[in-house]
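Enquirer: Quick one: the structure is below, and I'll ask about it shortly.
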Amino acid sequence: NRTMPLARPTGQIPDAAWTSGFREMTEPWKGAVGCLGVAVFFAMTIGIISWQALEQSPEEWVLRGRTGGMLWERRRGALLLRVLPAGRTVAVIAVGGVPATEPPPPRDRCWHDGGQFCYTWEEDAELRLSLEPPPTPATECYGVHWTPLRPDVMLKDCFSMANVSWYGGASIRAQRWPLNSAESHAQPFVSGDFSKNPVGYGPVLERYFLGSTGVTVTVAPDVPLFLSLERNRHFCLEAPAGRAAVPLRYLLCVSPDVQTSPPARLFPSHRSPIWQYYGPAGSAAKIKRGLKSLAKKLKRHHLQEGVLALGERCTAILAAAVRPDHMPLERRKRHDSTHAWDPSLIKPLQLSITLSPYTSIASPLFLRSLRDSEVASYWLSLQPRFGGCSVPLLTTWKGRLCARLNVTSKTALSWYLARARHLRQALGATYMVFEGAEGNAFLEQAVPPPAELAGDQYTGVLAAALATLGNATVISAGARSSHLPLFVQMSPLRSDWSHAGLKGVIPSVLHYSLLGYNFFIPDAVGGSLDSDTPGDPELYVRWLQIVTFLPVMAFSTPPWLCCDAWVLNLTRQCIQRHRDFVVPLLIKYSEEWLRLGYPIFRPAWWLSPTDPTAFTIEDEFLIGDEVLVAPITEKGQTWRDIYLPGEGHLWMDTNTAHVFDGGTILRNYSASLAEVPVFVK
């Protein structure tokens with residue numbers, strides 16, 4: 001038997017529908033007109049969709065300037081900065097925190113103002129772009145202002161690294177040049193101490209980024225900022241989400257070539273070399289004998305010029321010996337006048353002392369302020385919400401629980417500066433080093449800082465106060481303070497060949513100088529931090545050859561303790577070369593720096609601003625426009641490739657007097673352990 005397939009059950013057709021359909025079939029011309037209408041509608045729909053897909057551009061101008069403008073790219077949800085007439089895109093900014101695929105219209109509520117563009121993502125954020133006054137006639141600037149419309153909106157703009165090399169911003173532990181090869185998770189853009197947070201940002205940073213396409217990014221100083229670096233992809237500026245809606249504001253400027261920020265500066269003073277004291281430190285008498293012994297050894301090895309530098313602990317011990325009675329909060333110890341310090345014992349060497357804005361909670365200084373209810377007047381404190389006493393904000397410094405100087409208090413600053421001046425006079429010191437200027441003690445403990453200490457304002461306020469002590473002052477951090485006549489102490493580096501050691505010296509030099517900190521003290525020859533292979537004579541020599549061409553030469557290990565006699569002779573030669581050849585160059589180009597804002601230590605692209613090869617060179621540097629230093633930074637090598645910038649220029653090797661064309665690469669150029677390739681234009 002054959003079974004019929006099951007059929008889909010259907011209901012009976014209503015009489016009215018059947019009757020209507022029958023009448024329509026009896027009138028063929030009406031049916032034809034209906035079909036034609038449907039066909040026309042269908043064709044128009046297909047045409048509109050095709051036009052949108054094929055004809056409408058994925059990029060749309062939203063703001064036009066004189067030499068370029070900004071576009072919105074629908075596919076990626078990105079802002080493009082483009083220069084005309086070449087139509088070259090100099091920056092791609094991926095937008096985060098808003099529905100990026102929603103295309104803004106050509107004009108919104110700012111349509112009446114040709115110098116602005118405004119658009120609002122409903123319930124998310126508002127974007128305002130504006131033409132801003134440029135610093136120079138050849139430059140054009142655009143303001144970018146994001147305003148979140150809800151507190152939980154986290155604004156995030158990411159600048160692409162594709163075909164762009166980026167410089168500036170923050171220092172990192174293993175410094176890179178450019179930033180493209182650096183990696184860092186999103187964290188507050190605040191200076192820090194690598195010994196406390198190795199993956200954080202370092203002691204020198206500015207809200208300034210420079211791209212190899214000639215674009216600069218300057219973030220407003222008054223907005224909370226997070227920064228992240230994703231290797232070879234992008235760097236991102238973020239406004240943190242939270243209880244309050246935090247805006248994100250920055251300025252984009254573009255010029256024909258790579259440029260730097262040119263604020264005026266002042267010129268500090270420091271004598272070289274520096275010999276760090278690491279001798280006996282148990283008492284003032286031991287320190288006195290140790291300093292006298294080191295001075296004699298330096299004189300015996302014909303190295304009697306420069307500065308003997310005392311660390312913070314030795315400074316405190318000598319300070320107690322001179323007993324500053326006029327300061328009510330100073331630590332007091334038994335005073336022995338026979339052990340009072342006499343600076344003539346180390347002449348012709350000069351003395352450098354070290355202070356910090358920290359004091360131990362066990363010190364008489366802190367305990368007295370606690371007893372007299374003056375904690376908030378002298379130390380950073382947490383203010384109670386509903387009355388009561390202030391609570392000191394405690395932090396750690398060199399392994400001790402400490403309080404930190406309240407730089408917003410005129411009383412505290414006046415006392416601190418008076419104490420520093422008294423110690424300088426009592427100890428006969430020429431130079432003063434101030435450590436611990438970096439970091440935000442509130443953010444380190446996840447406590448919202450007061451408005452006057454937001455971000456890096458602590459560093460800026462302290463630096464401004466210390467600048468009143470004179471131009472023989474050294475500070476450990478820099479943020480919004482590059483205009484001050486202060487030397488900046490670079491972070492300690494590992495005693496190895498990595499980017500956290502020797503390979504990081506030149507990238508750090510270029511980074512500091514680009515941000516305006518041209519007068520810095522590099523880490524001691526050979527590195528200050530322990531490594532797996534301590535006491536490497538080759539590393540010591542290659543390090544020595546680099547710092548010869550920097551503002552100051554510093555030593556923690558004397559050459560006669562680490563190496564053979566020939567290294568001692570080489571050290572003498574390098575010190576003399578620094579004095580006779582490098583210092584005059586620094587003086588010459590510091591005047592240019594004061595006048596034009598150009599960095600003293602310059603990257604290779606300074607003379608080859610359109611050559612992509614120059615953008616990633618991190619093991620060479622220029623002093624001004626006329627000296628190129630290309631040291632060896634690889635262990636065991638006695639040769640290297642050298643890029644000579646500036647097509648059309650000629651460069652002479654100071655070792656051989658051979659002359660070479662600029663804009664070329666010297667392959668496998670020889671440099672023995674006793675030589676450093678240096679070229680004069």
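The values are calculated or read from the model by the stated rules, or taken from the named source; none is laboratory data. This structure is a prediction, so every number in the text was calculated from the model and none was measured. For neighbour counting, all protein chains shown are included, and Cβ atoms are generated from backbone atoms with ideal geometry for every residue, glycine included. Areas reflect the complete protein model, heavy atoms only, side chains present, ligands, DNA and RNA absent. Shrake-Rupley method; radii C 1.70, N 1.55, O 1.52, S 1.80 Å.
Enquirer: Kindly check whether there is at least one residue in region 376-394 that is charged (D, E, K, R), under 26 Å from the mean Cα position of the chain (by Cα) and open to solvent by 50 Å² or more (accessible area, probe 1.4 Å). Explain how you work it out, then say what you get.
Expert: Within region 376-394, the first condition is being charged (D, E, K, R), and the residues that meet it are 385.
So of that shortlist, the ones also under 26 Å from the mean Cα position of the chain (by Cα) come out as none.
No, because not a single residue in region 376-394 is charged (D, E, K, R), under 26 Å from the mean Cα position of the chain (by Cα) and open to solvent by 50 Å² or more (accessible area, probe 1.4 Å).
Enquirer: If Leu570 meets every condition in (1) of a type in the set (A, V, I, L, M, F, W, C); (2) under 30 Å from the mean Cα position of the chain (by Cα); (3) crowded, with 20+ Cβ neighbours inside 10 Å apart from one, which number is that one?
Expert: Only one criterion is unmet by Leu570, namely (2).
Enquirer: Just one of His499, His483 is more than 16 Å from Pro203 (Cβ to Cβ) and at pLDDT below 95; which is it? Explain how you work it out, then say what you get.
Expert: Values: His499 fails: at pLDDT below 95.
The match here is His483.
Enquirer: Hey, among the residues in region 46-66 that are at pLDDT 85 or above and of a type in the set (Asp, Glu), which one's least open to solvent (accessible area, probe 1.4 Å)?
Expert: Of the residues in region 46-66, the ones at pLDDT 85 or above are 59-66.
Add one more test, that the residue is of a type in the set (Asp, Glu), and what stays is 59-60.
Working: Glu59: 58, Glu60: 37 Å².
So the residue we want is Glu60.
Enquirer: State whether the residues of region 405-424 include one that is in a loop (DSSP other than H, G, I, E, B) and more than 31 Å from the chain's Cα centre (by Cα).
Expert: Initial filter on region 405-424 (in a loop (DSSP other than H, G, I, E, B)): 406-409.
Right, trim to more than 31 Å from the chain's Cα centre (by Cα) and you get none.
No, that holds for no residue.
Enquirer: One residue is enough: does region 211-232 have a residue meeting the conditions on the phi > 0 side of the Ramachandran plot and open to solvent by 30 Å² or more (accessible area, probe 1.4 Å)? Walk me through it before giving the result.
Expert: Residues of region 211-232 on the phi > 0 side of the Ramachandran plot: 214, 232.
Those still in the list that are open to solvent by 30 Å² or more (accessible area, probe 1.4 Å) too: 232.
For region 211-232, residues on the phi > 0 side of the Ramachandran plot and open to solvent by 30 Å² or more (accessible area, probe 1.4 Å): present.
Enquirer: Contact list please: Cβ distance under 7 Å, first residue in region 589-600 and at pLDDT 90 or above, second residue open to solvent by less than 70 Å² (accessible area, probe 1.4 Å) and of a type in the set (Gly, Ala, Ser), pairs at least six apart or on different chains.
Expert: Once the first residue is at pLDDT 90 or above and sits in region 589-600, its partners that are open to solvent by less than 70 Å² (accessible area, probe 1.4 Å) and of a type in the set (Gly, Ala, Ser) give Tyr589/Gly624; Pro599/Ser513; Ile600/Ser513; Ile600/Ser590; Ile600/Gly624.
Enquirer: When only residues in region 226-280 that are in contact with a Pro (Cβ under 9 Å, 6 or more places away or on another chain) and assigned to a strand (DSSP E or B) count, which is modelled with the lowest pLDDT?
Expert: Filtering region 226-280 for residues that are in contact with a Pro (Cβ under 9 Å, 6 or more places away or on another chain) and assigned to a strand (DSSP E or B), the one modelled with the lowest pLDDT comes out as Ala239.
Enquirer: Another question, if that's okay. Which of the residues belonging to region 617-645 are in contact (Cβ under 8 Å) with a residue 24 or more places away in the chain, touching a Phe, Trp or Tyr at 6+ places or on another chain (Cβ under 8 Å) and within 21 Å of Gly211 (Cβ to Cβ)?
Expert: Ile617, Glu618, Glu620, Phe621, Pro645
Enquirer: Specify which of the listed residues (His578, His511) is in a helix (DSSP H, G or I) and over 28 Å from Val219 (Cα atoms). Talk me through it step by step, then tell me what you get.
Expert: Working: His511 fails: over 28 Å from Val219 (Cα atoms).
Step by step, each of His578, His511 is checked, and only His578 is in a helix (DSSP H, G or I) and over 28 Å from Val219 (Cα atoms).
Enquirer: Hey, can you tell me all the residues within region 553-569 that are closer than 20 Å to Ile632 by Cα and of a type in the set (A, V, I, L, M)?
Expert: Correct list: Met553, Ala554, Val567, Leu568.
Enquirer: In addition: If you scan region 538-557, which residues turn out to be open to solvent by 10 Å² or more (accessible area, probe 1.4 Å) and under 24 Å from the mean Cα position of the chain (by Cα)?
Expert: Pro551
Enquirer: What number of residues in region 383-407 are at pLDDT 95 or above and of a type in the set (S, T, N, Q)?
Expert: Selection size over region 383-407: 1.
Enquirer: Can you tell me which residue in region 574-611 is most open to solvent (accessible area, probe 1.4 Å), limited to those that are of a type outside the set (A, V, I, L, M) and more than 26 Å from Pro273 (Cα to Cα)?
Expert: Restricting attention to region 574-611, the residues satisfying the condition of being of a type outside the set (A, V, I, L, M) are 574, 576-581, 584, 588-593, 595, 597-599, 601-603, 605-606, 608-611.
Still in the list and also more than 26 Å from Pro273 (Cα to Cα): 595, 597, 605-606, 608-611.
Details: Arg595: 161, Gly597: 7, Trp605: 4, Trp606: 49, Ser608: 11, Pro609: 40, Thr610: 110, Asp611: 45 Å².
My answer is Arg595.
Enquirer: Quick check: anything in region 453-473 polar (S, T, N, Q), more than 26 Å from Phe520 (Cβ to Cβ) and at pLDDT below 95? I'd like the intermediate steps shown before the answer.
Expert: Of all residues in region 453-473, those polar (S, T, N, Q) come to 457, 459, 468, 471, 473.
Checking which are more than 26 Å from Phe520 (Cβ to Cβ) leaves us with none.
No, the conditions are met nowhere in region 453-473.
Enquirer: Take the residues in region 487-508 that are of a type in the set (Gly, Ala, Ser) and part of a loop (DSSP other than H, G, I, E, B), then tell me which one is most open to solvent (accessible area, probe 1.4 Å). Explain how you work it out, then say what you get.
Expert: We begin by selecting, within region 487-508, every residue of a type in the set (Gly, Ala, Ser); these are 491, 495, 498, 500-501, 504, 508.
Now drop any that are not part of a loop (DSSP other than H, G, I, E, B), which leaves 491, 495, 498, 500-501.
Numbers: Ser491: 26, Ser495: 18, Ser498: 46, Ala500: 19, Gly501: 0 Å².
Among those residues, the one meeting the criterion is Ser498.
Enquirer: Checking Ala614 against (1) open to solvent by less than 50 Å² (accessible area, probe 1.4 Å); (2) under 24 Å from Ser670 (Cβ atoms); (3) over 22 Å from the mean Cα position of the chain (by Cα), only one condition comes out false. Which one?
Expert: Answer for Ala614: the failing condition is (3).
Enquirer: Next up: Based on what the data block shows, is Ala437 in a helix (DSSP H, G or I) and within 30 Å of Asn471 (Cα to Cα)? So that I can check it myself, show each step before the final result.
Expert: Numbers: in a helix (DSSP H, G or I): no; within 30 Å of Asn471 (Cα to Cα): yes.
No, not satisfied.
Enquirer: Let me ask you something else. Could you please let me know if Leu484 is closer than 29 Å to Ala239 by Cβ, over 16 Å from the mean Cα position of the chain (by Cα) and in a loop (DSSP other than H, G, I, E, B)? Please lay out each step first, then the result.
Expert: On the way: closer than 29 Å to Ala239 by Cβ: yes; over 16 Å from the mean Cα position of the chain (by Cα): yes; in a loop (DSSP other than H, G, I, E, B): yes.
It is true that Leu484 is closer than 29 Å to Ala239 by Cβ, over 16 Å from the mean Cα position of the chain (by Cα) and in a loop (DSSP other than H, G, I, E, B).
Enquirer: Next question, about the same structure. Starting from region 646-660, keep only residues that are farther than 19 Å from Phe581 by Cα and at pLDDT 95 or above, then list their pairs with residues that are open to solvent by 70 Å² or more (accessible area, probe 1.4 Å) and outside any strand (DSSP E or B) whose Cβ atoms are within a distance under 6 Å, requiring at least 6 positions of separation or different chains.
Expert: Hits for this filter: His649/Lys681.
Enquirer: Identify all residues within region 397-410 that are surrounded by 12 or more Cβ atoms within 10 Å (Cβ to Cβ) and within 23 Å of Ala451 (Cα to Cα); write none if there are none.
Expert: Cys402, Ala403, Arg404, Leu405, Asn406, Val407, Thr408, Ser409
Enquirer: Tell me the strands (runs of 3 or more DSSP E) entirely within region 67-163 that contain at least 2 residues that are open to solvent by 60 Å² or more (accessible area, probe 1.4 Å) and at pLDDT 90 or above.
Expert: Numbers: elements: 68-73, 78-83, 88-96, 116-121, 125-132, 140-148, 155-160.
Answer list for region 67-163: 125-132.
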